[in-house]
Amino acid sequence: MNSPTYPSKPINVGRIAVWSLYALLLLTVPLVFTSSLSQTMLSQMGIAIIVCLSYNILLGQGGMLSFGHAVYSGMGSFLAIHTLNQVAGGFPLPVSLIPIVGGLSSMVVAILLGWVTTKKAATPFAMITLGIGELVWAMSLMFPGFFGGEGGVSGNRVTGAKVFGITYGPQIELYYLIAIYTFICTGLMFAFTRTPLGRMLNAVRDNPERVEFVGYDTQKVRYIAFIIAAFFAGISGGLAALNFEIVTSEVVGGARSGAYLLFTFLGGATFFFGPIIGAVLMVLAFVLLSEFTKAWLLYLGLVFLFMVMYAPGGVASLIMMNVRVAMFGHLRKLWVNYLMLTLTGLIVLLGAAAMIEMLYHLQLDDALGAKLQFFGVTLDVRGLASWLGAGLVLLTGLGLFELCRRQFSRQWGQIQESIEIEIKRREAL
């Protein structure tokens, strides 16, 4: 008798293509950007991708706003750097596995602290994470034997057994190690979103009362997700320890946790790939933008304010909305609107940036004189004409931007109505 046959699950060709492209990008990008600075930035991007994705397990998937995620990436860094020094002393562990030590160490810390942290949700959870973050940061100054005091703990990644002759001395070798961890961790965290636990975490975020009603313990769901997020954060911390070869108390500070929150939100916490975009933006801001201007944090705050007002779903939501429009063939209708919004936005940025740079020069660099070079234009920080000119550019740009925004809003609304009509037509067929 023939055994019954069951239909096999269809292969998702599109998903395979996306993951293949992701792997190819990680493999080839350092061959295109070959400078030392580029490879260093690419390494930091890989580390940031892991930690932002791990943070999004809490924020995007579980609805848990954490102000202390740096505790777990930072503790992973400290345990990893101490392990690296043990390897230099003869401990038989390949350097390539040290990030796993960081992940396991952070997981242990999360097991100890997570039960108390996840006792509450929403605002109490956020306040608990803030308190634990401040507690660990204070401990980093009180116990210099482990945290290294103000100087931190340093190590040397060129140590231990040389597997396949790889020393991790050249940055390109370390980059590919980081790329391997980035790809694997991204895949594992994506797989987690498709597990029953991942789905239940979404349910706890959206309707915890219903989850309790059907018999699940919402705290246990949050607790397990918290431990998983800490594990991946610890892996990123271990990779960071290898990359910088020094770990200081800054890695467990509130500013680091705030950066994870800020850029995960800017990338788009409601989409899996959003934190990847946010991680890339974080490295670009911290490395490049900080070199261009001393007021880079102020610009970053303005960008965050702008995104909250006009795109609360982050960059990923903007991409997905336009993908939807493109799928129905309406994207070409918007290119003029996008061009005008971009041009008027640049005018606003130029006016605001001129005023900000003059203000910073007046406060911090007054000893260098009253003249300031700004995009080839000489500004006099003590002259009324420069301030009036910058203000006029700013106000003109704001007015033009608002006109373009209203026109875009009308056009966007018409397109969305057309899409809804088309969807109903297809459903009726």
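The values are calculated or read from the model by the stated rules, or taken from the named source; none is laboratory data. Bear in mind the structure is a predicted one, so any value in this text is a computation, not a measurement. Counting neighbours? That spans all protein chains shown, and the Cβs are built from the backbone with ideal geometry, glycine included. Accessible surface areas use protein heavy atoms only, side chains included; no ligands, DNA or RNA. Shrake-Rupley method; radii C 1.70, N 1.55, O 1.52, S 1.80 Å.
The residues of the range 256-294 that are in contact (Cβ under 8 Å) with a residue 60 or more places away in the chain and of a type in the set (S, T, N, Q), listed by number, are SER257, THR264, THR270, THR293. Scanning for something farther than 30 Å from PRO30 by Cα, free of Cβ contacts under 8 Å to residues at least 24 places away in the same chain and out of contact with any helix residue (DSSP H, G or I) (no Cβ under 7 Å at 6 or more places or on another chain), does the range 218-236 turn up at least one residue? Yes, there is a match, as at least one residue in the range 218-236 is farther than 30 Å from PRO30 by Cα, free of Cβ contacts under 8 Å to residues at least 24 places away in the same chain and out of contact with any helix residue (DSSP H, G or I) (no Cβ under 7 Å at 6 or more places or on another chain). The set of residues from the range 128-140 being open to solvent by 70 Å² or more (accessible area, probe 1.4 Å) and either more than 27 Å from the chain's Cα centre (by Cα) or not aliphatic (A, V, I, L, M) (or both) comprises GLU134, TRP137. ILE419 satisfies every condition listed in (1) within 21 Å of THR342 (Cα to Cα); (2) touching a residue at least 24 places away in the same chain (Cβ under 8 Å) except (1). For the range 189-206, the criterion of being over 14 Å from GLN61 (Cβ atoms), of a type outside the set (D, E, K, R), out of contact with any Pro (no Cβ under 6 Å at 6 or more places or on another chain) and open to solvent by less than 80 Å² (accessible area, probe 1.4 Å) is met by no residue.
What's the total number of residues in the range 123-148 that are over 27 Å from MET64 (Cβ atoms), in a helix (DSSP H, G or I) and in contact (Cβ under 8 Å) with a residue 40 or more places away in the chain?
If we filter the range 123-148 for residues that are over 27 Å from MET64 (Cβ atoms), which is where we start, we get 141-146, 148.
Next, from what is left, pick out any that are in a helix (DSSP H, G or I): 141-142, 144-146.
From what is left, the residues that are in contact (Cβ under 8 Å) with a residue 40 or more places away in the chain are 141, 146.
Number satisfying all stated conditions: 2.
Among the residues making up the range 141-157, those that are surrounded by 15 or more Cβ atoms within 10 Å (Cβ to Cβ) and within 15 Å of PRO94 (Cα to Cα) are GLY155, ARG157.
Quick check, is VAL116 among the hydrophobic types (A, V, I, L, M, F, W, C) and either in contact with a Lys or Arg (Cβ under 7 Å, 6 or more places away or on another chain) or crowded, with 16+ Cβ neighbours inside 10 Å (or both)? Show your work before the answer.
Working: among the hydrophobic types (A, V, I, L, M, F, W, C): yes; either in contact with a Lys or Arg (Cβ under 7 Å, 6 or more places away or on another chain) or crowded, with 16+ Cβ neighbours inside 10 Å (or both): no.
So VAL116 fails the test.
Selection within the range 207-221: residues that are surrounded by 15 or more Cβ atoms within 10 Å (Cβ to Cβ) and not hydroxyl-bearing (Ser, Thr, Tyr). The member of this set that is nearest to LEU58 (Cα to Cα) is VAL221. Residue count for the range 343-392 under the criterion of being part of a strand (DSSP E or B) and over 29 Å from ARG405 (Cβ atoms): the result is 5.
For the subset of the range 270-288 comprising residues that are of a type in the set (Val, Ile, Thr) and over 11 Å from the mean Cα position of the chain (by Cα), which member is surrounded by the most Cβ atoms within 10 Å (Cβ to Cβ)? Even if it seems obvious, please write down each step before you answer.
Residues of the range 270-288 of a type in the set (Val, Ile, Thr): 270, 276-277, 280, 283, 287.
In the following step, the residues that additionally are over 11 Å from the mean Cα position of the chain (by Cα) were identified as 270, 287.
On the way: THR270: 16, VAL287: 14.
So, considering only residues that are of a type in the set (Val, Ile, Thr) and over 11 Å from the mean Cα position of the chain (by Cα), the one surrounded by the most Cβ atoms within 10 Å (Cβ to Cβ) is THR270.
Scanning the range 291-323 for residues that are surrounded by fewer than 15 Cβ atoms within 10 Å (Cβ to Cβ) and hydroxyl-bearing (Ser, Thr, Tyr), we see that the one that is farthest from GLN373 (Cα to Cα) is TYR310.
Kindly check whether there is at least one residue in the range 192-201 that is at pLDDT below 90 and either more than 30 Å from SER249 (Cβ to Cβ) or β-branched (Val, Ile, Thr) (or both).
Initially, the range 192-201 is screened for residues at pLDDT below 90, giving none.
So far as the range 192-201 goes, no, none of its residues is at pLDDT below 90 and either more than 30 Å from SER249 (Cβ to Cβ) or β-branched (Val, Ile, Thr) (or both).
Hey, does the range 171-191 have a residue that's more than 21 Å from PHE231 (Cβ to Cβ), modelled with pLDDT under 95 and more than 26 Å from the chain's Cα centre (by Cα)? No, every residue in the range 171-191 fails to be more than 21 Å from PHE231 (Cβ to Cβ), modelled with pLDDT under 95 and more than 26 Å from the chain's Cα centre (by Cα).
Hey, could you check the range 399-417 for residues that are open to solvent by less than 50 Å² (accessible area, probe 1.4 Å) and either touching a Gly at 6+ places or on another chain (Cβ under 7 Å) or polar (S, T, N, Q) (or both) and say which is nearest to ALA353 (Cα to Cα)? Checked the range 399-417; the qualifying residue nearest to ALA353 (Cα to Cα) is PHE401. Being open to solvent by less than 30 Å² (accessible area, probe 1.4 Å), modelled with pLDDT of 90 or more and hydroxyl-bearing (Ser, Thr, Tyr) narrows it down to one residue among THR344, THR396; which is it? Of the residues listed, the single one that is open to solvent by less than 30 Å² (accessible area, probe 1.4 Å), modelled with pLDDT of 90 or more and hydroxyl-bearing (Ser, Thr, Tyr) is THR344.
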